[in-house]
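In what follows, a structure is listed as C-alpha cells, so that the remarks can point back to it.
The values are calculated or read from the model by the stated rules, or taken from the named source; none is laboratory data. Just so it is clear, the model here is predicted, and its values are computed rather than measured. Because the Cβ atoms are built from the backbone with ideal geometry, glycine has one as well, and the counts that use them run over all protein chains shown. These accessible areas exclude ligands, DNA and RNA; they are computed on the full protein's heavy atoms, side chains included. Shrake-Rupley method; radii C 1.70, N 1.55, O 1.52, S 1.80 Å.
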Amino acid sequence: MELLVASAVGIMTAAGVYLVLRARTFPVVLGLALMTYAVNVFLFAMGRLTVNLPPVLTADAAGYTDPLPQALVLTAIVISFGMTAVVVVMALRAYLESDTDHVDLAPSEPVEKADRP
Amino acid sequence: MSLALIVLLPFLGALLPGLLIRSGRNACATATASVTVLALALLLVHTPAVLRGEVVQAGWDWLPGLGLNANFFLDGLGLLFAGLILGIGLLIIIYARFYLSEKDPMGLFYTYLLLFQGAMVGVVLSDNILLLLVFWELTSLSSFLLIGYWRHLPAGRQGARMALVVTGGGGLAMIAGMLLLGQMAGSYDLSVILERGEQIQASPLYLPTLLLILVGCFTKSAQFPFHFWLPHAMAAPTPVSAYLHSATMVKAGIFLLARLWPVLAGTDVWFYLVATTGLFTMVLAAGIALFKDDLKGLLAYSTVSHLGLVTFLFGLGSPMAAAAGVFHIINHATFKAALFMSAGIVDHETGTRHIPRLGGLMHLMPVTATLAMVAAASMAGIPPFNGFISKEMMLEQAAHTPWAGLPWLVPAAATLGAVFSVAYALRYAVHVFWGPPRADYPRRPHDPAAGFWLPPAVLVALVVIIGLFPEQTAGPLVRAAADAVTGGALPDLHLYLWHGLTPALGMSVVALLGGAALLWRYGDAWARWRAGPHPEAKTMYDAAMARLVAASQYIIHTLHNGALQRYLAVMLASAVVLGYAAFSGAAHLPGTRETLEIFPVAGVLWLLMAGGCWLAVAHHRQRLLAVVAVSVVGLMVSIGFLYLSAPDLALTQISVEVVTTVLMLLALYFLPKRTPEESSGARRVRDGVLAVLAGVGVGGLCWAVLTRDFSTISGYYLDQAVPGGGGANVVNVILVDFRGFDTFGEIIVLGIAALAIYALLEGALRGPAAAHLAAWKGDMPRAADRHPIMMVVATRVMLPLALLVGVYILLRGHNMPGGGFIAGLVVSIALIMQYMASGFQWAARRMAVDYDALIGLGVLVAGATGVAAMVGGYPFLTSAHDYVHLPWVGEVELASAMVFDVGVFLTVVGAVMLALAQVSRLGLVASHEPANEGPMDFDPSTPARTARRDPS
C-alpha cells in the first residue's frame, strides 16, 4: 500500500512537472493542479497510512489515524482551489489582453489558430 | 540609557524639521538646533567621567543569536568624535539657516542633516561592530541624500552617486572585514575585540581582514586611490561640505582606524599599507590642491591631504604618533570647517568661488577675511595657531621614521607635503583676500549678517585658543582619546606650542619658506603643472562604471532573458540537485515500519490515477481531454482519501474537484482548445528527464517517510476533542477550534483570491481585453438546445435537496465528517448548476446575492466568534460548548465553534460563487446574444414562449 501511495505521489509530481514546463498557459495550469494533488497526498501521508480508522471519535473504535495532517490538508485543498482559480483567471486575462496564451506572451512562432468548426 | 538617547535623539528629531518648516525657517532651524543641543548636553553630562578615564556603557540584547546587540559605549575617542559631530553640527545648523535661500526646501535639508548626524553619532558610540556597520551604511545613505540635496544640479546628482558608489562599495568590504574580525575574536562586541589584539594578529585571517577593513576606511576617508569622490561631492551646498568633510563623514574611516588601532596596528603590513597610503595621499592631494581654482575644490583636496596626514600618523603604529593623529583630528575639524564656511560666505556674497575672479576682498568684507586668514594660517601650520602644533608633532614623528631602510624618504615626503600645504593655504588667503579690490565681482560683496559669520568665528576662536593654550584646553581630551586609541599604552603626553629647536621645527621652517616661494612664483608652477599629465579620475570612473553597467546588463540579459520556461526549468533542476545533494550526503537504511497489504481495489485506483496522468501528459494538446484526465486523477485522489481513513478529505477533494473542473471548462470556453506544437524534441526530452527525476525524488521521499515510524502530537487533539472542543470529528475540531486561527487566516486568503479574480476579470472589461471580447467569435459549435429541459428540471428539483444536504453537512461537521468547507462547496455546486442549466443571466437575476458581501460576512462572523471569546475573558477564538435539551429533538450539543464554521461556510460559498460568476459574466459579454427570458429554451407548459427567436 505504501508503495502505491508513494509511487502515485511520484507519478503525479512527474506529470505535473512536465506539464508546468510547457509553453502555453493552459497545460501549466493543469500541471499545477496535478502538483497540488501530489503535494496534498504527500502531506497527508506524513500521518502514515491507516485503513478504517477515521479520526471520528466513537465508543467502539479500535483506534484512530493521525487527525492533524488531515486538518492541515483539508485547508490546503481549499486553498489550492483558490490558487488554481487565480492562475486560471490570470491565464484567461493574459490571453484576452494579448491574444496569445504563450507563457512569455511572445510566442517564438506564429500562433496556430485553434480549430474552427 | 542616556547614551542610546544621544544616538536616538537626532533620528527622532529628524521628524521635526519637516513639520516645523510650516512655522517658518527660524522655527525650523531652532527646533533642529535644539535637538542637537540636547544631544550635546547629554554628552557633556558624561564628559567628566570619561575624562577621568572611565568608560560609560549602555546596551540591550537585540539579536543575541547573531551577536548583534544594541550596545553603546563612550570612551575618550567616542567623546572626542561625538563632541565634534554634535558641536560642529550645531554650528552648521545655524550657518545653514543663513546660507540656504528661500527656494531651497529647508525642512528637507535639516531632516537629512539630523539623519546623518544620528548615523555618525551611532558609528562613534557603537560597542557592537555589527551595530556599527548598520550606522556606517546609514552614513553612506544619508550623505548621499545630503550631497545630492540640490537635485536639480546634474553635478550634485552625479557627485552624490559617485560618493555612494565608492563609500557604499567600501562599506561592503567593511562588512566582510568586520564579520571576519568578529569571527576571530569570538565576539562582535568592540570592548571584547579590543582586548584580543594578539590573538587576532596571530590569526591567518588577519591579513584579509585588515585589507577588507582598510578598503572600507580608505574609501570613506578618501585615501588614494579612492580619493576622487570627495572633490566631486563639493557640488553639495557648502554647509554640507563643511560638515561632511571637516568633522564627520570622511573622518569615519579615520575613526575606525583609530578605534581598531589596538587590534590591527603595530604590524609591518599595517605600517606599509596605512602609513604609505596616508603619506602618498597627503603629498599628492596637497599638490593638486595648490592648482585648484575652485575655492571648494582647493579645500576638498586639502581635506584629502589632511586625512592622509592623519592616516599616516595612525599608520606609524607608535602611541605618540596616534596621539598626534588624535590631536590633528580636532585641529583639522576646527580650521577646515571654518574655512569651508568662509568659502561659503565668499561664494554667497560675491556670487563666485572661482579664485582667479576673486581678490582684494579684505577691504570689502574684513570680518570674513580675518576669520578665513586665521583659519588658513592654522591650516598652513603657522604658529601660534593649533594647526602648527599638530603638524609639528607629525613632522617630529616623520623625522624618525625609516621606510624600507631609507631614513630620508619619509621626512622628505612629509616636508614636501608641508610645502604644498603652506602654499595652498597661503594661496587661499592671498589670492582671495589680498590685493586691490576688483570692480568685476558678480555681486557687490560685503560682510554678511552676524548669524552667518558667527559659526566660523566660534571655530576660529577655538583655533586661536587651542593654539595658545593647547595643554589647558585640548590636553585632557586628547589624552583621554589617545588613551582609548592606544589601549593605555600612551606615554606621558603634554601639548606645547614651543617644542624647542627640534628637527621638526627645521622642517616647518623649510615648509614655510618653500611654500611662500612656491606661491611667489605661482605663475611658473602653474605652467609646469599645466604641462604635466592630468589623469582625470572622473573620466576613468565613468568609463569603469559604464563597463560595469554593460557587463551586468550582459549578464542579466543572458540569465534573465524573459523565457519563463527556462527559469522554471532552472528552479526545478536546482531543487532536484539540492535534494540529491542532501540525499547523497548521508547513509540510508531501509525503513522498518510494517507496510499495509495492497488491496485489489487500491490497485485499480492506482491504475486509473496513473492512466489519468499519462493521458494528461500524452494528450495535453487536446485540452478538453486533458481537463477530463486531470479530474480523473482528482477523483482517484479523493477515493484514496476515503479509503485511507480520511472521510473529510475525500468529501472536500471531490467537491473541490467539481468546482475546479467547472472553472477550467469555463476558462477553456475562451482559451484555444488545442495547444500548438512548439517545443523541440530536445526540449521535451529535457523536460521529461526533469519530470522523471522530480517524480522519483518526491516519490522516493514519500516512500522513505512511509516506511519509517514516527511520533505524533495528535494524541492531545484526540484526547481533548470532546472535553475541550465539544466535537467528535477531530479533524473538524482541529480546524474550527484548536487551530481556528489558521482556518481564520485561510478563509481570508480564499476570500482575497476570489476578490483578485474579480479584479482581474473586471479589468478585462476595459482595454485591449475588452476589444477582444467585443470581437469575440465562438470557436466551438454551440448546442442548439442551450438550456435543455431535462437539466433545468433536474437541477431545479435538486436545489432544495442540495441546500438541505449542505446545511446538514455543515451542522453535523463537528461530530461527523463534514463542516463549513465541505458544506460551502456543496452549496456552491448546487447554485452553479442553476447557472449551467438556465444560463448566467437568467440565474443571476434570480439569485440577487452579493457574493463579495458574502465573503466579508463570512470573515466577520468567524472573527466575531473569536472576539466573543475575548469578551468572555478567553483568548481569541476559544470555543465554548454546552448541551441543550430541545423538545422533540432531545439532547443537542451546541459549540460556539459551529458559528465559526458558519463563517467558514459563508466565505467559501461567496468565494467560489464570485469566481465562477465573474468568469460567466465574461461569457455573457462575449456571446453577443440576448439573454433567454425563460428558464429553458423550450418550455412545454407555455408553448408560445420561447427564448430563442425563430430565425425564420
Exercise for the section: Rounded to whole Å and ordered largest first, report the semi-axes of the equivalent ellipsoid of the range B:730-940 derived from its Cα gyration tensor (root of 5λ). Expected result: 38, 22, 11
Handout entry: Listed residue (B:Val269, B:His245, B:Ser680) projecting farthest to the positive dipole end of the protein assembly as shown, Cβ model
Key = B:His245
Problem - Projected label distance in nm at B:Phe938 and B:Asp293, using a 7 Å step from Cα toward the beta-carbon - result: 9.9
Practice task
Kindly state, to the nearest 0.05, the FRET efficiency for B:Met540 paired with B:Glu102, given R0 = 41 Å and r defined as their beta-carbon distance.
Solution key: 0.55
Completion exercise
So B:Thr502 and B:Ile748, fully extended at 0.36 nm per residue minus their Cα-Cα distance, gain in nm 80.3 nm
Handout entry: Gyration tensor (alpha-carbon) shape descriptor, the range A:2-98, a/c threshold 1.5
Key = oblate
Exercise for the section: Counting only GluC sites (Glu not before Pro) that are in a DSSP loop and have at most 14 other C-beta atoms within 10 Å, tell me the longest site-free stretch of chain B. Expected result: B:103-535
Problem - Amide hydrogen neighbours beyond the local backbone of B:Leu68, cut-off 5 Å, H modeled - result: B:Leu63
Fill in the blank from the handout: Tilt, helix B:503-520 to longest principal axis of chain B (alpha-carbon atoms), in degrees rounded to tens, equals 90
Fill in the blank from the handout: Full extension between B:Val807 and B:Trp526 adds, at 0.36 nm per residue less the Cα distance, a length in nm of 91.5 nm
Handout entry: B:Trp408 versus B:Met870: modelled label distance in nm, points set 7 Å from Cα along the beta carbon direction
Key = 8.4
Completion exercise
For the table B:Lys251/B:Lys336; B:Lys296/B:Lys336; B:Lys292/B:Lys391; B:Lys673/B:Lys777, the rows whose alpha-carbon distance is greater than 19 Å are B:Lys292/B:Lys391
Exercise for the section: For a label point 7 Å from the Cα of B:Leu44 along Cα→C-beta, name the residues of the range B:459-486 whose backbone N is under 17 Å from it. Expected result: B:459, B:462, B:473-474, B:477
Problem - the range B:115-251 - Rg and Dmax from Cα coordinates, angstrom - result: 15.8, 52
Problem - Gyration tensor over alpha-carbon atoms, the range B:541-607, equivalent ellipsoid semi-axes in Å - result: 50, 19, 5
Practice task
Provide a whole-number value for the mean count of partner chain Cβ atoms within 10 Å of the Cβ atoms in peptide B:662-669.
Solution key: 4
Problem - Counted charge near B:Ser318, where neighbours are those whose Cβ lies closer than 15 Å (Asp, Glu -1; Lys, Arg +1) - result: -4
Completion exercise
Tilt, helix B:386-399 to longest principal axis of chain B (alpha-carbon atoms), in degrees rounded to tens, equals 90
Completion exercise
The correct ranking of B:Val861, B:Val410, B:Val685 by accessible area at 1.4 Å, largest first, is B:Val685, B:Val861, B:Val410
Completion exercise
the range B:819-884 and the range B:115-147 have their Cα centres apart by a whole-number Å value of 53
Handout entry: Degrees separating the helix B:522-531 axis from the principal Cα axis of chain B, which is the longest one
Key = 40
Fill in the blank from the handout: Partner shielding of A:40-50, taken as the mean number of other chain Cβ atoms within 10 Å, equals 6
Handout entry: Residues with amide H under 5 Å from that of B:His881, placed H, sequence gap 5 or more
Key = B:Ser896
Fill in the blank from the handout: Checked the range B:743-791 with the C-alpha gyration tensor, a ≥ b ≥ c its square-rooted eigenvalues, rounded below a/c of 1.5, otherwise prolate if a/b is larger than b/c and oblate if not; verdict oblate
Fill in the blank from the handout: Between the modelled labels at B:Arg22 and B:Arg683 (7 Å from Cα along Cα→Cβ) the distance in nm is 5.9
Practice task
For the protein assembly as shown, just say rounded, prolate or oblate: build the C-alpha gyration tensor, square-root its eigenvalues into a ≥ b ≥ c, call rounded for a/c under 1.5, and beyond that prolate if a/b exceeds b/c, oblate if not.
Solution key: prolate
Exercise for the section: Hey, for a label at B:His494 modelled as a point 7 Å past Cα toward Cβ, could you say which residues of the range B:322-358 have their backbone N under 19 Å away? Expected result: B:323-324, B:327
Fill in the blank from the handout: Heavy-atom accessible area per residue of the protein assembly as shown, all protein chains kept, 1.4 Å probe, expressed in Å², is 41
Exercise for the section: Please report how far the C-alpha centroid of the range B:618-632 lies from that of the range B:899-914, rounded to the nearest whole angstrom. Expected result: 30
Exercise for the section: Between B:Leu559 and B:Leu799, take the C-beta separation as r, use R0 = 56 Å, and let me know the FRET efficiency to the nearest 0.05. Expected result: 0.50
Practice task
Taking the convex hull of the Cα atoms, report for chain B its projected area averaged over all directions, in nm².
Solution key: 57.9
Handout entry: Accessible area buried, both sides summed, chains A and B with 1.4 Å probe, Å²
Key = 9300
Handout entry: Estimated FRET transfer efficiency (B:Ile789, B:Leu625; beta-carbon r; R0 51 Å; 0.05)
Key = 0.95
Practice task
Provide, for q = 0.16 Å⁻¹, the log10 of I(q)/I(0) from a solvent-free Debye sum over equal Cα point scatterers in the range B:266-520.
Solution key: -1.11
Handout entry: Separation of alpha-carbon centers, the range B:225-303 and the range B:689-739, rounded to whole Å
Key = 64
Practice task
List the residues whose amide H sits under 5 Å from the amide H of B:Ala14, counting only those 5 or more places along or on another chain, with H placed 1.01 Å from N in the peptide plane.
Solution key: none
